[in-house]
Amino acid sequence: MKYWCGCLVAFVITANAQQPELKNSGEKDKLFVNTELNNRFTELREVARSIWSFAERGFLEEKSTALLQDVLQKEGFQIEKGVAGMPTAFVASYGSGKPVIGILAEFDALPDLSQDSVPHVQPIKTGGAGHGCGHNLFGSASASAAIALKEWLIKNKREGTVRLFGTPAEEGGSAKVYMVREALFDDVDAVLHWYPSSENQASPESCLAIMQATFRFYGRSAHSAAAPHVGRSALDGVESMNYMVNLMREHIPQESRIHYVISKGGLAPNVVPDYAEVEYMVRHPDARTVQQLFDRIVRCAQGAATGTETRMEVEIISGSYNLLPNEPLARLMQKNLERVGGVKYTPEEMAFAQKIQATFTYAAPDLADAAKVQPYQTGGFFPASTDVGDVSWVVPTVGLGVATWVPGTVAHSWQAVACDGMSIGFKGMLNASKVMAMTGVDLFNNPAMLEKVKVELNRLRGNDFTYKALLGDRKPSLDYRKGR
């Protein structure tokens, strides 16, 4: 997985032209949701642009979540607000009975990535947030896919439930973990999601599990020159911990990743710091190994506190499992992605894309790649983390990446923010919405597939698997983005 405005009329015509001849009711069903989404594209684009403009950070997405909830409520969805102890999280449901098809919707922005939708560096607000991972597109496309499936259920008088999960704070807040922990996915038969990217692909992939924590050291202040013997440096505790962890790196699995930053280290060099803190992230492809590595890091911190005669506290901030890829679901989604296709640029968009690529400090791929669908392959892996991982361990889950960014664009960059607020991003968003809606139709129409993907889930995780959140029983860290 790589995390990575134009002419509406022309795009709708192109999208419809890609549809094959109708061969059965399944084809008619897919044409129905495709047409439904084409007709709603103007509204979809406005919602995405609004959330892009709000650019609200994790757990602070009050305007973004309110807009998505309002759109869904007007379409007849029942809204449950503030789920799992998170004010901006929600669950929107339509229909009744089985199957229950879930769709994930994200909408948080990243700090310090403010950028206008232009192909050169131009922050809208210095130090402001920006949608560097395209979650303004993510939440909007998911809501539209849910609405299209709702319309399809009504048209065909079908039993079943469409459930959209409004999941805040994906960028480090682990909101989905709290929702899984609260059993909100327990009756769901399959979950669909997507991610903005610089390419189109739906191959099954895993990722890195992660734990994040803050280690706080408490010492005793004193004059650094006149009475250093009286003081006990909290910063010494942090630095001793870091030294031991860095020595530990020789003795950990090579796929592991350990990152840290000293977030507070004292205020003046002539005062022995009585408080210091360091933030750590631990990653590995296996969640159990992450837990073991984290336990070793805690012991390093305890030893550092003992050796420096300071006191240490640790707070787990977030944690999520690695993704559990479900190949039968992925093959189904790949077929629908191939049906929808990629993004074709207008001359204006091509000029924009060329200017974006001119800012890269590395070789850029062909711009035509945005219109291509990557071949299906198994065994994929991307070296990042997502709280979708926890969802994938409790319910069959599938996702795809869609080219909402100029080929070669990396996630969490100003170039990604620029694309997320204009037609290149909006076109990709519509494609993602179509693929999810079509995949949802397939699942509603094929109970045997739902059983197959459930069997695959149990095979991968083991029938005796019991879910336990890596972040333990802590409450959501609702203020983790405040002031950042």
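Just so you know, all these numbers are worked out from the coordinates, no wet-lab data involved. Here the structure is a predicted model, which is why all the values come from computation and not from measurement. Using ideal geometry, Cβ is built from the backbone for each residue, glycine included, and neighbour counts are taken over all protein chains shown.
Taking a ≥ b ≥ c as the square roots of the eigenvalues of the alpha carbon gyration tensor, the range 363-484 is oblate, as a/c is not under 1.5 and a/b does not beat b/c. Once the gyration tensor of the Cα atoms in the range 209-320 is diagonalised, the equivalent ellipsoid follows with semi-axes of 29, 12, 10 Å, ordered largest first. Among residues other than E62 with Cβ under 12 Å from its Cβ, the summed charge is 0 (Lys and Arg +1, Asp and Glu -1).
Rounded to the nearest whole Hz, the Karplus-based 3J(HN,Hα) values (6.51 cos²θ - 1.76 cosθ + 1.60, θ = phi - 60°) of the range 269-277 follow the sequence x, 8, 10, 5, x, 8, 8, 8, 8, with x at glycine and proline. Taking the average, over residues, of other Cβ atoms within 10 Å as the packing measure, peptides 147-158, 467-478, 402-413 rank 402-413, 147-158, 467-478 from highest down. Per-residue Cβ neighbour counts within 10 Å put I258, I210 in the sequence I258, I210, beginning with the fewest. How high is the FRET efficiency between K344 and Q292 when r is their beta carbon distance and R₀ equals 56 Å, given to the nearest 0.05? Calculated value: 0.70. How many angstrom lie between the C-alpha centres of the range 190-224 and the range 31-93? Answer, in whole Å: 24.
Going highest first, how would you order 162-174, 357-369 by mean Cβ packing within 10 Å?
Averaged packing, sorted descending, gives the order 162-174, 357-369.
Taking θ as phi - 60° and the Karplus parameters 6.51, -1.76 and 1.60, the scalar couplings of the range 58-73 work out to x, 6, 10, 8, 5, 5, 5, 5, 5, 5, 4, 5, 5, 4, 5, 5 Hz in sequence order, x denoting glycine and proline. Going from the residue with the fewest nearby Cβ atoms within 10 Å to the one with the most, L67, L72 rank L67, L72. Taking all Cα-Cα distances within the chain, those exceeding 33 Å account for 39%.
From the Cα gyration tensor of the range 261-396, with a ≥ b ≥ c the square roots of its eigenvalues, which class applies: rounded if a/c is under 1.5, or else prolate if a/b is larger than b/c, or else oblate? Because a/c hits 1.5 or more and a/b fails to exceed b/c, the range 261-396 counts as oblate. When the square roots of the Cα gyration tensor eigenvalues are ordered a ≥ b ≥ c, the ratio a/c for the range 272-337 is 1.5 or more and a/b exceeds b/c, which makes its shape prolate. With neighbour counts taken as other beta-carbon atoms within 10 Å, the residues T126, T397 rank, fewest first, as T126, T397.
Per-residue extension of 0.36 nm, minus the Cα-Cα distance of M248 and R459, leaves a gain of 72.5 nm for this segment. Note on V261 and E62: the model spin-label points, each 7 Å out from Cα along the C-beta direction, lie 2.6 nm apart. Given the C-alpha centroids of the range 377-431 and the range 291-348, what is the distance between them in whole angstrom? Using only Cα atoms, the two centres lie 14 Å from each other. Please go through the residue pairs K98/K434; K81/K427; K74/K434; K176/K427; K30/K176; K30/K150 and name each one whose alpha carbons sit more than 24 Å apart in this structure. Listed pairs above 24 Å: K81/K427; K176/K427; K30/K176. Under the simplified labelling scheme, the E27-K468 pair shows an inter-label distance of 5.3 nm, with each label point 7 Å from Cα along Cα→Cβ. Looking at the range 60-137, the trypsin sites (Lys or Arg not before Pro) that sit in a DSSP loop and have at most 16 other Cβ atoms within 10 Å of their own Cβ are K125.
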